[in-house]
Amino acid sequence: MRIRRIFVLFSLMFCTFLCLNPSFQQLVEFPEQNLVQLNQTEPQFTGFWSKIVKEEKVISNPTISVSSGLNSDLSEKLDVVYKLFGIFPIRSGEIEVMSPMKLIPGGQSIGVSLQTKGVLVVGQAPVVDQNGRKVYPAKEAGIEVGDILLKIDNQEVRTDQDVSNAVHLAGEQKGQADVLFKHQDQILEKVIKPVFCTETGRYRMGLFVRDEAAGVGTLSFIDPITKQYGALGHVITDADTNQKIEVYNGKIMASTIYAIEKGKRGHPGEKIGSFVTNSPFSGTIEKNTLTGIFGKINGQIANPFYKEPIPVGWETEVKTGPAKIYTVIQGEKVEEFDVNIDRIMHNRTDSKNMIVRVTDPRLLEATGGIIQGMSGSPIIQNGKIIGAITHVFVNDSQRGYGVFIQNMISEGIDRKQAA
């Protein structure tokens with residue numbers, strides 16, 4: 001009996017020591033992101049710890065994986081408990097074990113064209129009335145830069161011409177217009193009294209508006225079965241307001257790069273390109289999110305370095321060290337360049353999860369490092385696609401940010417469609 005008490009007391013003291021031991025706490029720490037690949041649960045014990053700590057797994061809830069058509073197997077949620085000597089519970093948690101997933105890496109230069117959902121207010125413009133006074137009817141009613149015009153007198157407006165015609169008609173017929181608009185996350189309605197502009201001969205309310213945006217970027221990946229794609233790695237915002245563009249309609253197509261404006265300290269470089277008239281591929285833009293644009297793509301498209309889909313590298317597999325990126329710096333040719341992943345930020349859920357540094361002498365000579373238009377260039381490490389380039393450091397063009405491919409998949413791939 002005494003021996004048993006001594007054994008229990010010793011065990012309790014030993015458990016207390018382990019729980020207070022920083023090294024042991026680190027061993028049993030669960031990852032911030034609980035998505036791990038099949039047969040790759042965390043933490044993993046080796047040596048002495050593997051002999052005294054036992055792991056018990058229980059399937060808690062089978063779920064549909066976030067992976068796409070090629071990878072529509074069920075994932076499993078496991079309740080994992082670590083026990084000292086297989087008796088005393090030390091730590092428990094839930095891990096979602098994902099089935100392997102494969103994607104086709106991109107790298108192609110794409111032209112992006114999209115129409116906003118409603119019409120975006122990008123500036124205020126004075127209207128000169130019949131007395132020569134400068135007035136701001138819309139501003140005085142409470143409409144601000146960054147607001148989105150949705151309806152005028154209960155008629156949807158989708159283009160700047162729609163707005164111009166509706167305002168003129170309302171001013172001419174009744175001297176006022178009921179304007180429905182989106183301000184931040186609120187839908188508001190204001191009555192505006194358009195003013196007859198002596199310079200244009202039309203009724204106006206004093207706004208600069210925009211209904212579309214266009215530019216050049218890079219394709220990140222394609223799902224080989226569903227043909228869903230991801231590109232850019234970051235959200236598209238309006239150049240004047242820096243507000244996220246709400247997409248009503250949009251498309252991507254092939255683009256060709258005919259010049260490079262080299263980056264230098266304080267001035268990010270830029271790819272200068274144009275849309276290809278007879279594009280070999282095209283795609284819709286269905287989502288404009290924090291981690292990129294997404295939709296469906298069709299036509300002839302291929303990465304010359306990867307004829308077959310390659311595995312996805314989840315966040316837990318990304319390491320600091322050498323990697324490759326794929327992008328276009330001349331014409332439509334996808335090329336391979338060396339980079340180094342200098343730092344990984346696991347706690348961020350935006351498009352700035354890695355710090356990437358260009359090490360390839362040829363790319364540095366041609367572009368100075370990371371430049372505008374390179375956003376979306378896929379990052380591949382150890383044969384797996386792990387992310388995409390997103391931003392450049394303004395004061396150091398050799399370095400920039402990358403987004404985890406896991407974050408792009410989670411935000412952009414349609415789970416229902418993928419199941």
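The values are calculated or read from the model by the stated rules, or taken from the named source; none is laboratory data. Since we're looking at a predicted model, the values are computed, not measured. All Cβ positions, glycine included, derive from the backbone under ideal geometry; neighbour counts span all protein chains shown. The protein model used for the area step is the full one, side chains on, heavy atoms only, and it has no ligands, DNA or RNA in it. Shrake-Rupley method; radii C 1.70, N 1.55, O 1.52, S 1.80 Å.
So, of the residues in region 168-196 that are polar (S, T, N, Q) and not in a strand (DSSP E or B), which turns out to be farthest from residue 237 (Cα to Cα)?
173
In region 163-185, what residues are out of contact with any strand residue (DSSP E or B) (no Cβ under 7 Å at 6 or more places or on another chain), closer than 18 Å to residue 119 by Cβ and open to solvent by less than 70 Å² (accessible area, probe 1.4 Å)?
164, 183
Please pick out the residue among 131, 154 that is surrounded by fewer than 16 Cβ atoms within 10 Å (Cβ to Cβ) and at positive phi.
Result of the check over 131, 154: 154.
Which of the residues belonging to region 144-167 are farther than 17 Å from residue 206 by Cβ, touching a helix residue (DSSP H, G or I) at 6+ places or on another chain (Cβ under 7 Å) and assigned to a loop (DSSP other than H, G, I, E, B)?
Listed by number, the list holds a single entry, 153.
Restricting to region 274-296, give me the number of residues that are closer than 19 Å to residue 400 by Cβ, surrounded by 21 or more Cβ atoms within 10 Å (Cβ to Cβ) and not β-branched (Val, Ile, Thr).
Of the residues in region 274-296, 1 are closer than 19 Å to residue 400 by Cβ, surrounded by 21 or more Cβ atoms within 10 Å (Cβ to Cβ) and not β-branched (Val, Ile, Thr).
Going residue by residue through region 286-299, is there one that turns out to be free of Cβ contacts under 8 Å to residues at least 24 places away in the same chain and not in a loop (DSSP other than H, G, I, E, B)?
yes
Determine the pairs where a residue that is over 29 Å from residue 242 (Cβ atoms) and without any contact (Cβ under 8 Å) to a residue 60 or more places away in the chain, located within region 181-204, has a partner that is open to solvent by less than 100 Å² (accessible area, probe 1.4 Å) and of a type in the set (Phe, Trp, Tyr) with Cβ atoms under 8 Å apart, the partner being 6 or more residues away or on another chain.
Between residues of region 181-204 that are over 29 Å from residue 242 (Cβ atoms) and without any contact (Cβ under 8 Å) to a residue 60 or more places away in the chain and residues that are open to solvent by less than 100 Å² (accessible area, probe 1.4 Å) and of a type in the set (Phe, Trp, Tyr), the close pairs are 202/196; 203/196.
If I filter region 134-151 down to residues being under 27 Å from the mean Cα position of the chain (by Cα) and open to solvent by less than 30 Å² (accessible area, probe 1.4 Å), which single residue comes out as farthest from residue 244 (Cα to Cα)?
Ranking the candidates gives 149 first.
Got a number for residues in region 239-267 being modelled with pLDDT of 85 or more and closer than 22 Å to residue 335 by Cα?
11
I'd like to verify a number: residues in region 263-272 that are closer than 13 Å to residue 366 by Cα and buried (at least 16 other Cβ atoms within 10 Å of the Cβ), how many?
The number of residues fulfilling the criteria is 4.
In region 321-419, which helices (runs of 4 or more DSSP H) lie fully inside it and hold 2 or more residues that are open to solvent by less than 10 Å² (accessible area, probe 1.4 Å)? Please lay out each step first, then the result.
Details: elements: 361-367, 405-412, 415-418.
Fully inside region 321-419 and qualifying: 361-367, 405-412.
For a quick check of your reading: which strands (runs of 3 or more DSSP E) sit entirely within region 197-241 and have at least 3 residues that are crowded, with 24+ Cβ neighbours inside 10 Å and under 18 Å from the mean Cα position of the chain (by Cα)?
Passing ranges, in order: 207-222, 228-231.
What are the pairs, 6+ residues apart or on separate chains, where a residue within region 300-314 that is open to solvent by 40 Å² or more (accessible area, probe 1.4 Å) has its Cβ under 8 Å from a residue that is at pLDDT below 90 and assigned to a loop (DSSP other than H, G, I, E, B)?
Taking only residues 6 or more apart or on different chains, the pairs are 311/100; 311/101.
Any chance region 244-258 includes a residue that's out of contact with any Pro (no Cβ under 7 Å at 6 or more places or on another chain), surrounded by fewer than 19 Cβ atoms within 10 Å (Cβ to Cβ) and of a type in the set (Asp, Glu)?
Checked region 244-258: at least one residue is out of contact with any Pro (no Cβ under 7 Å at 6 or more places or on another chain), surrounded by fewer than 19 Cβ atoms within 10 Å (Cβ to Cβ) and of a type in the set (Asp, Glu).
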